[in-house]
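Peer 1: Before I ask anything, let me first share the structure, which is written out below as structure tokens.
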Amino acid sequence: MSLVNITPKKGDGKSIKAGAGPSEGSAITVPVTKDASQQRQKRMIANHFDKLSTAKEDGKKVAYTFVPGNLTELMGAFEMLPVLPEINALQSGMRGKSGAYISEAERGGHSEDVCSYVKCDIGMLRSGNVGPTGKTLPSPDLLLLSYTGCFTFMKWFELLKAEYNCPVVMLHVPYQADGIITPEMRQYVIDQLKSDVIPQMEQITGKKLNLDKLAEQLARSRRAEDALVKVWESAKNRPSPIDGYFGGVYYIGPIFSAFRGSEDAVAYYEELLAEVNDRIKTGEGPMTPAGVMSNQKYRLVVEGPPSWTHFNEFWNMFSNEGAIAVASTYTRVGGLYDQGFRHDPQDPLGTLADYCLGCYTNRSLPSRIDLLEKYIKSYSADGFLINSVKSCNSFSAGQLMILRELEKRTGVPGAFVESDLVDPRYFGKANIENRLQSYLQMLEARRNGNIAASGSSPVVIGSAP
Amino acid sequence: MTAEPTATHNDPAAAVLRRAHALVADYGMAPVKSWKDQHKGALAVGHLPIYTPRVLLEAIGVLPVAIYGAGDKDIIRGDSYFQSYICHIPRSTIELGLTGMLDSLDGMIFPAICDVIRNLSGMWQMLFPQKWAAYLDLPQNFRPEVGGRFYKLELKRMARELHERGAQALTDEGLRAAIKDENLRRAALDKLAALRRDASWRVPASEAYLVTRAGGAISAREHAALVEEFVAAANKRTGQLKDNVRVVMVGSFCEQPPFGLIKSLERAGCDIVSDDLQLGLDYMEGMIDEKDDPLDAVVNAFLYQGKATASRYIGEGTKGAALLEQVKRAKADGVIFAAASFCDPALLDQPMLEAACEGAGVPFTSFKYAENTGQFQVIREQAGAFSDAVRLWESAA
Amino acid sequence: MRVCVGVDLGSTTTKAILIDEDGQIVGKGITNSRSNYEVASAVARDEAVTSARFNLLARKLEALKGEGSGDIHALDAKLRAAFRLELYLDELAALRLRVTEVVAASGPRGSAQVKDALVAIFDRMLGDAPALFLEGDARKSDFFRDIAGAAFMHAAEKLAGERGMRFEELTWPFDRAILDVETELRELDFAATLGRAARRIGGGLPEGAKKRLFDIVDSVGTEPIDEIAFSGTGYGRQTLPFPKAAVRSEILCHGRGAHRYFPGTRTVLDIGGQDTKAIQVDDKGVVTTFQMNDRCAAGCGRYLGYIADELNLGLHELGPLALKSCKNVRINSTCTVFAGAELRERLSLGEEREDILAGLHKAIMLRAMSLLARSGGVKSELTFTGGVCKNEMATKVLRELVDENYGNEITLNVHPDSIFMGALGAALFALDDLRAGKANLLVVKRPDKKAMTSFAQPDDACASCA
């Protein structure tokens, strides 16, 4: 509750220390492994931020946009460079900077109750808009508001619109309320691409859309997507050669951000797949903060985004107990390729519409439950964990129903922990660790079935002296 | 809800207020059963507080019923579905459903307000599989050939689905008649707004709120008559201008503040002369066109005449301009931002609206509430300080 | 006797249970958790061993009944009280020593006048001690910190009055010394202590009876009690001073312990100081699912603590006061942060304390009901555990809400020893480990006296009150 404000309001946000996250100052946070694919990804990202830092001199146009329902191929066809504020926010979280950024935004009147990505982004902007590599990000030439699966996106770019003097283009992607994509929804998205998005991009770049170029991008997307699906499905092996959640967020990096449709992305995913296949052959598990994890006691499916401020700590809690994520829904927010969707160069606009409509958070709650059930069964999971983040109501509202329903349908118990995306104040380490360990011990006890019968007569305790 | 009509002797509005009070009893469900008794086999469909095309429902013989949560009812089962950082209305709505309070409804519409209500639509589908439940995706593209086209198809789909469940078929005649009724309501609510603007001492905000909300589960025509009657009666009241500050209250468009909170604000010296409490009934600026193709008219009214609330994308013009216009029209001195705790749309909107107020020199204050808030002391003190400060500021100016 | 030990290290109290190889409980102990968890665990375990010996003693005395041994068997309670007194006197001596050290090291603050007064205070405490233990049952707590604290304050207050000194001049040495004393782990010589207790009360017995009593005391005191397996649990699992393999989740322990007490239990509601848990167990006591309160601590024991502080009441007084309410006051906020504000507002509006308290209890239990619903509801038999289950009002409201929501066929169990559920569950897990050939032991390093003294604070360390 704020105080009375008669004249300009400059709230009374509490100052907090930046999160106790991983070390500050480094460039993009990527786990220390010897994997060539990781090194490649690191180079790709560095290269992209280099391009961004000289975009204005190079005459490149910059679009800010969101991960779910991103139109990367279309931007690629116009040679626009994407900036993804969500990724900047999560990188700020991993680098221990988000706490200060959020404070900055709250001092400016933003509520404690709302999405910390938004506040982190606004705080970063007010603190000089320095990106994860330490280079200043260019201002946008376009705010491409792909309003997919998250209401807050709309508010976010309304807020940014007030900060930047550039056009905003809204792409309203209707929600799959009944678990299906109707022809009307699809047409609505295509209509908006034609009436709003493409004309706006043409105006900004001064180029006409080259459909052939778009189709080439889409064909490359498809190749990367094929490889990624095989990577996901490798987790059906025992031991799993990947961690489908913590490790998975690194695997989705290129395809969910600026690189889908590029040759780089194809090379990355083919290289990654080869590495995964090697591990299958040798029976090796994935690299985790606790080392290579081949001894996998618990196979879990995870729902919900990770807590970026305590990413490695959270991951450690899993690896220390021998728990591995075999599948996760967060790694599907930017596309559900493993459920059959592929970008289709034959139908460029239709395929973009299908892609946007199909993202995980754009699916109805019942169909999210169906998907999780499928994962639990097809990946032979011992259990599932829901990480409920305060920031994201799109994910979180209804997760307790997901928990209940999945337990009922699969007979597998679920764990429920709460944290936040990038607000370090909401990560209670002891609390989360307690729940997770209790949960895994419960799985263990259930697995062992019989507990030794230990006396059966009623218990009477003698009175204390 | 524990609304108490002002019980003064010889108040010309006493009778109509009593009726309004009866209409909001039982969480707004009081009128539904008698309506269904009178209209055998007809459907009643609930909707969450924000804009819902009630006119379409009335056109096919369906009673639209606004669901406003459960006020301060004890919540047990509803709470078990939501984390503590989610607002209150979805819990209380589920509680109402699970305790059988909504059994006389044949379906529910969840209009696009936010992600929580959106997800609630899916939860509802699973909790009440035998009932019709629809998420209404209101377009955020306002081109008639794009967003308009999509919305028209959505409306047709809804009408078709309800027809399959026993509602009348959608016809132009039916829709025209419903539009006429809706316009009667529009005219009556405009009169109420004018009365609040011109003689706020005759209409406490709590009464205006009650009389508006009383339309939640009756037809537009009946509601129009009720509002007209209240306006006529209130006009007969004597009484005189009080030394209160005039405020516009915004941010309370979904989860409703407790009645006591509205009264507390008034007691603290704030005359609420305009608000966004009842966008489910009071969303359009101006009349729906009665001459055009009626479905086009409904769609166009949404595209061009919808209020600039937080759940509507403001692509053109400036954020906050509509609020400043509302302040000007209501001749208000300031703005109270009253948002439900954890209400994403209202709270994300607020910094932009505050900036607009700052820019225009409109004083404002802000607080959060929940529909079951039981303590108003702090809010009353804050509102009191605000009204004092506004008066000082004005006398200094 | 060979025993398996379970320890539950809670945020407020630490509990220990001993079970024998058949899973029967043979002893239990409880102490305050203090700042040193390792000591708290060891003290609780020592207490449990003591209680095991007393249970043995009780059985032996009981066996004498009707053997023409006079009233020896009736000495059980007296002997327990005298034993407590001996322990208290030992600790009091340690406290006296520590206070003397503190004062000696404190420069001008420890003036001759203060030293002299402290001597008088301790003499008085010594004189008052027997009455505290041997006459009736007036103690509010069994923890040394509480008993000695109350006695010290009482004596200091009187003395300050008599000698015209300020109360605060006399109390600071206690505050400094008590922490050291209670975190110091002393070896308990049970046989010797019990012997002293027996001599204290056995003076007037006829010679034959006296001999028989001392024989029994000797045999009980020297009966070997061997720990053969250990398992521990508790809040703040990060800091538990137990070997990792011996640590079991609180949830599992509570579920299993409650099920052991009440084998029909399928649902356990535990409301402790820091959190609330709703646990479902199967017919063997294995947890099948559980829910804990979310990050906000609303509705836990701590909330009642805030309320008690706000009203200047003892925690144990809240329930009885609330039971007197005859009017419904609705409290909506169980937020600990707002509790005080809401309470003050209600009071200022003229609401009665008991009515507000009744409303607060209802609010807490409503939250607990939601958690129960979240965990899958209540099916047949519900066991209520944790510190809050001692609160009569909480239990009453729970009963009403359960009836209202799940029908009145549900059995609701509340056991007077429910605070020991977690420790019992841990002990049963220790027995499992033993049977599986993987038993762990709790090894406590008993710090030597020298190391303890080094904790002594330099005088006037805090600049702000120098």
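Peer 1: Which of the numbered conditions does B:Pro139 fail, given that it passes all the others? Conditions: (1) facing chain A (nearest Cβ under 9 Å); (2) open to solvent by less than 10 Å² (accessible area, probe 1.4 Å); (3) farther than 26 Å from B:Ile60 by Cβ.
Peer 2: So B:Pro139 meets the others, but not (3).
Peer 1: Moving on. Under 6 Å by Cβ, and 6 or more places apart or on different chains, what pairs join a residue from region C:346-364 that is within 27 Å of C:Gln274 (Cα to Cα) and without any contact (Cβ under 8 Å) to a residue 40 or more places away in the chain with one that is surrounded by 18 or more Cβ atoms within 10 Å (Cβ to Cβ) and among the charged types (D, E, K, R)?
Peer 2: That search, which allows pairs on different chains as well, returns C:Ile356/C:Arg346.
Peer 1: May I pose another question? All but one of (1) within 16 Å of B:Phe386 (Cβ to Cβ); (2) within 23 Å of the chain's Cα centre (by Cα); (3) modelled with pLDDT under 95; (4) not in a helix (DSSP H, G or I) hold for B:Asp243; state the number of the condition that does not hold.
Peer 2: Going through the list (1) within 16 Å of B:Phe386 (Cβ to Cβ); (2) within 23 Å of the chain's Cα centre (by Cα); (3) modelled with pLDDT under 95; (4) not in a helix (DSSP H, G or I), B:Asp243 breaks only (2).
Peer 1: Is it true that some residue in region A:231-240 is among the polar types (S, T, N, Q), buried (at least 19 other Cβ atoms within 10 Å of the Cβ) and outside any helix (DSSP H, G or I)?
Peer 2: Yes: one or more hits.
Peer 1: When you go through (1) farther than 30 Å from B:Thr373 by Cβ; (2) among the aliphatic types (A, V, I, L, M); (3) more than 8 Å from chain A (Cβ to nearest Cβ) one by one for B:Ala134, which number turns out not to apply?
Peer 2: (3)
Peer 1: Take residues that are of a type in the set (A, V, I, L, M, F, W, C), farther than 24 Å from C:Ile19 by Cα and open to solvent by less than 10 Å² (accessible area, probe 1.4 Å) and tell me which of the helices (runs of 4 or more DSSP H) falling wholly in region C:183-261 contain 2 or more.
Peer 2: The qualifying helices (runs of 4 or more DSSP H) are C:190-202.
Peer 1: Another question, then. Report the residue count in region A:68-112 for those that are closer than 21 Å to A:Asp50 by Cα and of a type in the set (Phe, Trp, Tyr).
Peer 2: Count: 1.
Peer 1: Further question on the same structure: Given the criterion without any contact (Cβ under 8 Å) to a residue 40 or more places away in the chain and touching a helix residue (DSSP H, G or I) at 6+ places or on another chain (Cβ under 8 Å), identify the matching residue among A:Ala274, A:Ala258, A:Ala325, A:Ala290.
Peer 2: A:Ala290
Peer 1: For the condition open to solvent by 20 Å² or more (accessible area, probe 1.4 Å), outside the structural domain of A:Pro305 (by TED's automatic domain parsing) and of a type in the set (Val, Ile, Thr), what is the one hit in A:Thr148, A:Thr133?
Peer 2: The unique qualifying residue is A:Thr133.
Peer 1: So which residues in region B:378-387 are within 9 Å of chain A (Cβ to nearest Cβ) and open to solvent by 70 Å² or more (accessible area, probe 1.4 Å), if there are any at all?
Peer 2: Result: B:Val378, single match.
Peer 1: Please enumerate the residues belonging to region A:355-368 that are within 11 Å of chain B (Cβ to nearest Cβ), farther than 12 Å from A:Tyr147 by Cβ and touching a strand residue (DSSP E or B) at 6+ places or on another chain (Cβ under 9 Å).
Peer 2: Answer for region A:355-368, where residues must be within 11 Å of chain B (Cβ to nearest Cβ), farther than 12 Å from A:Tyr147 by Cβ and touching a strand residue (DSSP E or B) at 6+ places or on another chain (Cβ under 9 Å): A:Arg363, A:Ser364, A:Ser367, A:Arg368.
Every residue, every condition in (1) in contact (Cβ under 8 Å) with a residue 60 or more places away in the chain; (2) farther than 19 Å from B:Ala112 by Cβ, yes or no:
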{"residue": "B:Ala268", "(1), (2)": "yes, yes"}
{"residue": "B:Asp276", "(1), (2)": "no, no"}
{"residue": "B:Gly280", "(1), (2)": "yes, no"}
{"residue": "B:Met284", "(1), (2)": "yes, no"}
{"residue": "B:Met287", "(1), (2)": "yes, yes"}
{"residue": "B:Asp293", "(1), (2)": "yes, yes"}
{"residue": "B:Asp296", "(1), (2)": "yes, yes"}
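Peer 1: What tally of residues in region B:206-258 results from selecting those that are of a type in the set (S, T, N, Q) and crowded, with 17+ Cβ neighbours inside 10 Å?
Peer 2: Residues that pass the stated criteria total 6.
Peer 1: For the structure I just gave you, tell me whether B:Asp37 is open to solvent by 10 Å² or more (accessible area, probe 1.4 Å) and in contact with a Lys or Arg (Cβ under 8 Å, 6 or more places away or on another chain).
Peer 2: For B:Asp37, the condition - open to solvent by 10 Å² or more (accessible area, probe 1.4 Å) and in contact with a Lys or Arg (Cβ under 8 Å, 6 or more places away or on another chain) - is not met.
Peer 1: Among all residue pairs at least 6 apart or on different chains, which show Cβ distances below 6 Å where the first residue, located in region A:409-424, is under 25 Å from A:Ala445 (Cβ atoms) and the second is of a type in the set (A, V, I, L, M)?
Peer 2: From residues that are under 25 Å from A:Ala445 (Cβ atoms), the pairs are A:Thr410/A:Ile376; A:Val412/A:Ile376; A:Gly414/A:Leu403; A:Gly414/A:Leu406; A:Ala415/A:Leu385; A:Phe416/A:Ile386; A:Phe416/A:Leu403; A:Val417/A:Ile432.
Peer 1: Pick out the one residue from A:Arg220, A:Arg186 that is buried (at least 16 other Cβ atoms within 10 Å of the Cβ), part of a helix (DSSP H, G or I) and not assigned by TED's automatic domain parsing to the domain that holds A:Ala55.
Peer 2: The match here is A:Arg220.
Peer 1: Determine whether A:Ile402 is hydrophobic (A, V, I, L, M, F, W, C) and in contact with a strand residue (DSSP E or B) (Cβ under 9 Å, 6 or more places away or on another chain).
Peer 2: Against the criterion (hydrophobic (A, V, I, L, M, F, W, C) and in contact with a strand residue (DSSP E or B) (Cβ under 9 Å, 6 or more places away or on another chain)), A:Ile402 qualifies.
Peer 1: While we're looking at this one, here's another question. (1) under 27 Å from A:Ser195 (Cβ atoms); (2) open to solvent by less than 10 Å² (accessible area, probe 1.4 Å); (3) more than 18 Å from the chain's Cα centre (by Cα): which one isn't true of A:Gly334, the others all being true?
Peer 2: Evaluating A:Gly334 over (1) under 27 Å from A:Ser195 (Cβ atoms); (2) open to solvent by less than 10 Å² (accessible area, probe 1.4 Å); (3) more than 18 Å from the chain's Cα centre (by Cα) leaves (3) as the failure.
Peer 1: Further, regarding this structure: I'd like to know if region C:59-79 contains one or more residues that are free of Cβ contacts under 8 Å to residues at least 60 places away in the same chain and farther than 25 Å from C:Phe214 by Cβ.
Peer 2: No: zero hits.
Peer 1: On to the next question. Check whether at least one residue in region B:280-303 is assigned to a strand (DSSP E or B) and either under 20 Å from the mean Cα position of the chain (by Cα) or within 19 Å of B:Ser366 (Cα to Cα) (or both), and report yes or no.
Peer 2: Scanning region B:280-303, I find at least one residue that is assigned to a strand (DSSP E or B) and either under 20 Å from the mean Cα position of the chain (by Cα) or within 19 Å of B:Ser366 (Cα to Cα) (or both), so the answer is yes.
Peer 1: For region C:372-383, give me the residue count where each residue is assigned to a helix (DSSP H, G or I) and either touching a Phe, Trp or Tyr at 6+ places or on another chain (Cβ under 7 Å) or within 7 Å of chain B (Cβ to nearest Cβ) (or both).
Peer 2: Of the residues in that region, 3 qualify.
Residue-wise test of (1) out of contact with any helix residue (DSSP H, G or I) (no Cβ under 9 Å at 6 or more places or on another chain); (2) modelled with pLDDT of 95 or more.
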{"site": "B:Gly334", "(1), (2)": "no, yes"}
{"site": "B:Ala338", "(1), (2)": "no, yes"}
{"site": "B:Asp344", "(1), (2)": "no, yes"}
{"site": "B:Gln350", "(1), (2)": "yes, yes"}
{"site": "B:Glu354", "(1), (2)": "yes, yes"}
{"site": "B:Cys357", "(1), (2)": "no, yes"}
{"site": "B:Tyr369", "(1), (2)": "no, no"}
{"site": "B:Asn372", "(1), (2)": "no, no"}
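Peer 1: Sticking with this structure for a sec: Quick one: C:Val287 ticks every box in (1) at pLDDT below 90; (2) at the interface with another protein chain (Cβ under 9 Å from one of its Cβ atoms); (3) open to solvent by less than 10 Å² (accessible area, probe 1.4 Å) bar one, so which box is it?
Peer 2: Among (1) at pLDDT below 90; (2) at the interface with another protein chain (Cβ under 9 Å from one of its Cβ atoms); (3) open to solvent by less than 10 Å² (accessible area, probe 1.4 Å), C:Val287 violates only (1).
Peer 1: Is it the case that some residue within region B:184-192 is touching a strand residue (DSSP E or B) at 6+ places or on another chain (Cβ under 9 Å), open to solvent by 10 Å² or more (accessible area, probe 1.4 Å) and of a type in the set (D, E, K, R)?
Peer 2: Within region B:184-192, one or more residues are touching a strand residue (DSSP E or B) at 6+ places or on another chain (Cβ under 9 Å), open to solvent by 10 Å² or more (accessible area, probe 1.4 Å) and of a type in the set (D, E, K, R).
Peer 1: For the structure I just gave you, tell me whether A:Leu371 is away from chain B (no Cβ under 12 Å), open to solvent by 10 Å² or more (accessible area, probe 1.4 Å), closer than 25 Å to A:Ser221 by Cα and touching a residue at least 12 places away in the same chain (Cβ under 8 Å).
Peer 2: It is false that A:Leu371 is away from chain B (no Cβ under 12 Å), open to solvent by 10 Å² or more (accessible area, probe 1.4 Å), closer than 25 Å to A:Ser221 by Cα and touching a residue at least 12 places away in the same chain (Cβ under 8 Å).
Peer 1: Within the bounds of region B:300-308, is there any residue that is in contact with an Asp or Glu (Cβ under 6 Å, 6 or more places away or on another chain) and either surrounded by 20 or more Cβ atoms within 10 Å (Cβ to Cβ) or away from chain A (no Cβ under 14 Å) (or both)?
Peer 2: Yes, some residue in region B:300-308 is in contact with an Asp or Glu (Cβ under 6 Å, 6 or more places away or on another chain) and either surrounded by 20 or more Cβ atoms within 10 Å (Cβ to Cβ) or away from chain A (no Cβ under 14 Å) (or both).
The values are calculated or read from the model by the stated rules, or taken from the named source; none is laboratory data. Because the structure is predicted, anything quoted here is derived from the model rather than measured. Reconstructed Cβ throughout: ideal geometry from the backbone, glycine too, with neighbour counts over all protein chains shown. Each accessible area value is taken on the protein alone, full model and side chains, heavy atoms only, with ligands, DNA and RNA left out. Shrake-Rupley method; radii C 1.70, N 1.55, O 1.52, S 1.80 Å.
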